[in-house]
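One structure below.
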Amino acid sequence: MGYPSTWCKWIRGILKSASSLVLVNGAPTFLFRCEKGMRQGDPLSPFLFLVVMEALSCMLDRAKEAGVLKGIVTPNNGPIITHLLYANDAIVMGEWSKDEVVNVVRILRCFYVCSGLKINMEKSNLYGIGVEAQETGDMAIEVGCRPDILLFRYLGLNV
């Protein structure tokens, strides 16, 4: 994404230098290195998540430009929307076709290979608007996620 190599080395150093210890009966044990990077609650975590989500956003935008994803066309010559990102959630939208859904899964797999962040398909849902529930279910099985129907709750609101 064009970050200077010095900055990337700093971030890599932060991620590789994490260490912890455990209290056993109130006494600290030996120090051990964390192999998976940051710990939960690390103040750097939200920033790095945004950087990584920007990479996913770029991947989806390029897929739209290449015609691999069609997205949702908004009225009055508005933008074509392929995705919305909020906090640690992503909503990917597009035309209902097997090719488009499979292409989204392919992009998510490429994202995993590049970032190491695997999308938990068991926590992911597939919605088909104006599509029979059976067809949505069949496509969800193909993708490896759960089918769902509208209305659903998101951030405490019915959507």
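Putting +1 on Lys and Arg Cβ atoms and -1 on Asp and Glu Cβ atoms, find which of Val143, Met59, Leu69 reaches farthest to the positive end of the dipole of the chain.
Met59
Please list, by residue number, everything in the range 44-69 whose backbone N is under 18 Å from a paramagnetic label point 7 Å out along Cα→Cβ of Cys110.
The answer is 52-69, whose backbone nitrogens lie closer than 18 Å to the label point.
Tally the DSSP beta bridges in the range 69-159 and give the antiparallel ones as a percent, rounded to 5. Spell out each step's value before the answer.
Values: 8 of 11 bridges.
Rounded to the nearest five, the antiparallel share is 75 percent.
Tally the DSSP beta bridges in the chain and give the antiparallel ones as a percent, rounded to 5.
Among the beta bridges of the chain, antiparallel pairing accounts for roughly 80 percent.
Under the rule of at least 5 residues apart or a separate chain, name every residue whose amide H is placed under 5 Å from the amide H of Ser124.
Close amide H contacts, sequence-distant or interchain: Arg146.
What longest region of the chain stays clear of GluC sites (Glu not before Pro) that DSSP places outside H, G, I, E and B and that have at most 13 other Cβ atoms within 10 Å?
36-94
Restricting to Cα pairs below 8 Å that are 6+ residues apart, what does the relative contact order work out to for the chain? Please round to a whole percent.
About 11 percent, as a whole number.
Using a 1.4 angstrom probe on heavy atoms only, work out the carbon and sulfur share of the accessible area of the chain in %.
Answer for the chain is 58 percent, counting heavy atoms of protein chains only.
Based on alpha-carbon centroids, what's the gap between the range 131-156 and the range 43-107 in Å, whole number please?
With the range 131-156 and the range 43-107 each reduced to a Cα centre, they are spaced 18 Å.
Springs between alpha-carbon atoms under 10 Å, Gaussian network over the chain: tell me which of Ser97, Ser124, Ser19 tops the mean-square fluctuations.
Maximum among the listed residues: Ser19.
Report the chymotrypsin sites (Phe, Trp or Tyr not before Pro) located in the range 107-159 that are in a DSSP loop and have at most 13 other Cβ atoms inside 10 Å of their Cβ, or state none.
Details: sites: Phe111, Tyr112, Tyr127, Phe152, Tyr154; in loops: Phe152.
Within the range 107-159, the qualifying chymotrypsin sites (Phe, Trp or Tyr not before Pro) (loop, at most 13 other Cβ atoms within 10 Å) are Phe152.
Residues of the range 1-127: accessible area per residue at 1.4 Å, in Å²?
So the range 1-127 comes to 73 Å² accessible per residue, rounded to a whole number.
In degrees, nearest 10, range 0 to 90: what is the angle between the Cα axis of helix 5-16 and the longest Cα principal axis of the chain?
Roughly 70 degrees, rounded to the nearest 10.
The values are calculated or read from the model by the stated rules, or taken from the named source; none is laboratory data. Everything numeric in this text was worked out from a predicted model, so none of it was measured. Cβ coordinates were reconstructed from backbone atoms using ideal geometry, including for glycine residues, and neighbour counts include every protein chain displayed. Side chains included, ligands, DNA and RNA excluded: accessible areas come from the protein's heavy atoms. Shrake-Rupley method; radii C 1.70, N 1.55, O 1.52, S 1.80 Å.
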